[in-house]
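Following: one structure in C-alpha cells, then a few remarks.
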Amino acid sequence: MGLTIAQKIIKEHIVDGTMTVGSDIGLRIDQTLTQDATGTMAYLEFEAIGVPRVKTEKSVAYIDHNTLQTGFENADDHRFIQSVCKRHGIYFSRPGNGICHQVHLERFGKPGKTLIGSDSHTPTGGGIGMLAIGAGGLDVAVAMGGGAYYITMPKMVKVELTGKLRPWVSAKDIILKVLEIMSVKGGVGKIVEYAGEGVKTLSVPERATITNMGAELGATTSIFPSDEITREFLKAQGREEDYTELKSDDDAEYDEIIKINLDELKPLAACPHSPDNIKSIEELSGKKIDQVCIGSCTNSSYRDMMKVAAILKGKTVADGVSLAIAPGSKQVLNMLALNGALGDMIAAGARILESACGPCIGMGQSPNSGGISLRTFNRNFEGRSGTADGQIYLVSPETAAASALTGVFTDPTTLGADVVIEMPEKFLINDNMVIEPASVDEMDSVEVLRGPNIKPYPKTSPLSDSIEASCSLKVGDNITTDHIMPAGAKILPLRSNIPKISEHCFTVCDKDFPNRAKTLGSSVVVGGENYGQGSSREHAALAPLYLGVKAVLVKSFARIHRANLINAGIIPLTFKNADDYDKIKLGDQLELPNVKAEIATGENITLVNKTNGETIETVCELTDRTRDILIAGGLLDYTKENG
Ligand code: MIC
Ligand code: SF4
C-alpha cells in the first residue's frame, strides 16, 4: 500500500511504536520553535531537564506575543529567553522580527522535516510540506533535549481541491469551508492533507493560511505537497537548497475524503463565537461594523498585505471604523515600506501595528462594547479580544479591507477587476534580528538573566493510591483554553509566574473558581465535549495543578490540552456513559478509591460520588509511557527519572 505525505515523513522519523492508527508513536524532532508566552516556562523546563545544549537540527525562540510591555514582566521574560538561547544553542528571533509561524515559514522551515512548537498554530509549516505540530512547552523542552515527541498515530483525511479560486475569493475562504464541513472537533486524531489540481493554483503563503487554521479543526496537523511552487518560494527566500519534493503515492489510502471545488467558493465569515460558525459574506452584507484588524499568523504574508494595500490605495477608512494592520514579519513590513504599499495603507487611515500577535491575543485593540470586529485571525472565542461582549468575525484580508472602506460587511467580489499579486522573485532577506547562540566553547560563560516575576515550575507529587476531591467546577461543551487560562494584555505578563496567573484560572466561567479550588485543596473539574480546544498553552494545565486539581472528567478532550494535563500529572478522565455527566454537581464530594492501581493496570477508573452515592465508570486511555508519566507525577519528573 502506498503512503500519504504525512505517513512518509512519519516513517522517516518514527523512533518508537508502529504506524497503526490509534497507537502511540514517538517521533524524532528536527526543529522546534517557541514563542515568548509559552517560552519562558518551556525554557525553565528545559533547564530543569539539565541538557546543556539543544540536540535538534534547529531550535528557534520567537518574541511575538507579549510585546505590549506595560510593566517590567514581559521585557524581563524576553531577556531571560534571549540569555537562555545564547547559552543552550537556540536561535533567538528578537521582538520586532515577526510572528513565529510567519518567520519560521519564511526563514527556517524545510519540507520533509518534523517541527514541534509550543504554539497550536505550528502546523503553518505544513504549507511548505513540513510535519509541523503544536505541543505543550514541556514536550518542546523534551524534544530540545533530544527526546522523542509522542502522538497518537492519526487517521488521514484528504481534502481534494479542484478548479481555481474566483477573483477576490481567498485561501481563508477555503479553510473556512473546511471548518464548516468538519467542525472544530472534526479533525481530532487526524492529519489533513491537501491534494488535487487546485493545490497548484495556491502559493505557499495561501497554503500556510490553510494549514495554520487546521488547528481550529482540532487536527494533529495539516500538510500540502512540496512541489515547484514550494521550490519557487524557497528560492525567493534564498534557500532553494532546502527544497525536496514531497507527494503522496498514487495508491495512498485515506480514511476520509472531502472534495471542494474552488470555482464554487464564495467569501465566507466565521461568526461569533466559534471558527466553525460559518456564513457567507453575501448573507451578512450591509451589516454595520466597528473595527477591522488585519494580520496574525493566519493572514499577514506579503501577498495578503499587498492585496490589502491595493484595495485601500487612494481611499479612506469609513467613519466609525478603526482599521489596524499588523504585517506578519519584519521581512513583510520592510518590503511594504520599500515598495510604497505601506504608504498606501497609512494614507487610507490604517493604524499600523508592530509585527506581532497583538490584537489576536487581546494585546491591545480590544473593540468597543458589543463592537463588531472583522478580523483576518483564526480564533473568535468569546472574550478573547479583550472585550467580553465583542462580536468577532473571522474573514479574509480581501473581505476585511473592502469592509473597512464601506463600514459594513462587504463582499469583495463586488470590487470589480481583480488585483493579482505576483509572488516576488526575491524576498528581502535580512536576518539581522536573529541572534545566533554562543559557540560550544563560550556557552558556559553566558549568564542567564532572570527577572523577579519568573517563578519555578509548580510542585508535583507522584500519584497517590486514592484521591478524595470535590467537584470545584462544572462546565459545558467546547470549553477553550481561553476559558481555562485567559490571555490578554493584563494576564499574559504573568505567564512565567504560575501562582499569580492561577488567580485568573477559569474566571471567564466562574470568578470564584481560583479561591474555591485553593480552599478545597484537592478537586476535580467536570466538563463536556471537546474540552480544552484552542491553544497549546500548558498554563491551562499548570494553573489547575497549582490550584489542586487532580483530575478533569469530561465527555471528550482536545488533543494538545489532554497531553498537557498528562504532562502536568493531572488525570484526564472521560465518562464511559456521557449521560453520567448529570450525576455530578458543583461541590459534590468525589472519590477515586483505587486510582493508582487502576491506572497501573488498565483504563477503567472508578469514581464514587459520595454526595449522591452514585458510582460512575470513567475511562483513562493510556499507553505504557503516559501511564508511567501519570504515576511519576508528570512528564518533568518522568524525564528526570528516565532520562
Ligand atoms: C493562541 O493563539 O491562542 C496562542 C496565544 O498563540 C496560543 C499560545 C499561548 O497561549 O501562548 C496557542 O495558539 O497555542
Ligand atoms: Fe499569535 Fe494569534 Fe497566531 Fe496565536 S493565533 S500565534 S496569538 S497571531
Original post:
Can you work out D for segment 1-72 in µm² s⁻¹ from Stokes-Einstein, where Rh is the Kirkwood radius over C-alpha pairs, the temperature is 10 °C and the viscosity is 1.306 mPa s?
Top reply: 105
Original post:
Excluding Pro397 itself, what net charge comes from residues whose Cβ is under 13 Å from its Cβ, given Lys and Arg +1 and Asp and Glu -1?
Top reply: 0
**OP:** May I ask for the percentage of alpha-carbon pairs in segment 122-219 that lie more than 16 Å from each other?
**Re:** 58
Original post:
Any number yet on Rg/Rh for segment 575-643, C-alpha, Kirkwood?
Top reply: 1.07
Subject >> DSSP-loop GluC sites (Glu not before Pro) across segment 1-100, with at most 15 other Cβ within 10 angstrom >> reply: Glu57
Original post:
Based on the mean of other beta carbon atoms within 10 Å per residue, what is the order of 176-186, 194-204, 121-131, 13-23, most packed first?
Top reply: 121-131, 176-186, 194-204, 13-23
**OP:** Using every pair of alpha-carbon atoms in segment 55-209, split the distances into 5 Å bins beginning at 0 and state the percent of pairs per bin, rounded to integers.
**Re:** 2, 8, 15, 19, 18, 14, 11, 8, 4, 1, 0
Subject >> Cleavage-rule hits (trypsin sites (Lys or Arg not before Pro)) in segment 460-555: DSSP loop, at most 11 neighbouring Cβ within 10 angstrom >> reply: Lys511
Subject >> Relative contact order (%) - criterion: Cα under 8 Å, at least six apart; region: the chain >> reply: 14
Original post:
Which order, highest average first, do 167-174, 563-570, 435-442, 282-289 follow once you tally other Cβ atoms within 10 Å for each residue and take the mean per peptide?
Top reply: 563-570, 167-174, 282-289, 435-442
Subject >> Tail fraction, Cα-Cα pairs, the chain, threshold 49 Å, whole percent >> reply: 8
**OP:** Calculate the translational D of segment 318-438 in whole µm² s⁻¹ from Stokes-Einstein, where the hydrodynamic radius comes from the Kirkwood formula applied to all Cα pairs, the temperature is 25 °C and the viscosity 0.890 mPa s.
**Re:** 152
Subject >> Bridge type composition, the chain - antiparallel percent by DSSP, nearest 5 >> reply: 35
Original post:
Restricting to segment 1-160, what percent of DSSP beta bridges are antiparallel, rounded to 5?
Top reply: 30
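Any read-out appearing in this document is the output of simple, stated calculations on the displayed coordinates, not a laboratory observation. Since we're looking at a predicted model, the values are computed, not measured. Please note: Cβ atoms are built from the backbone with ideal geometry, for glycine as well, and neighbour counts cover all protein chains shown.
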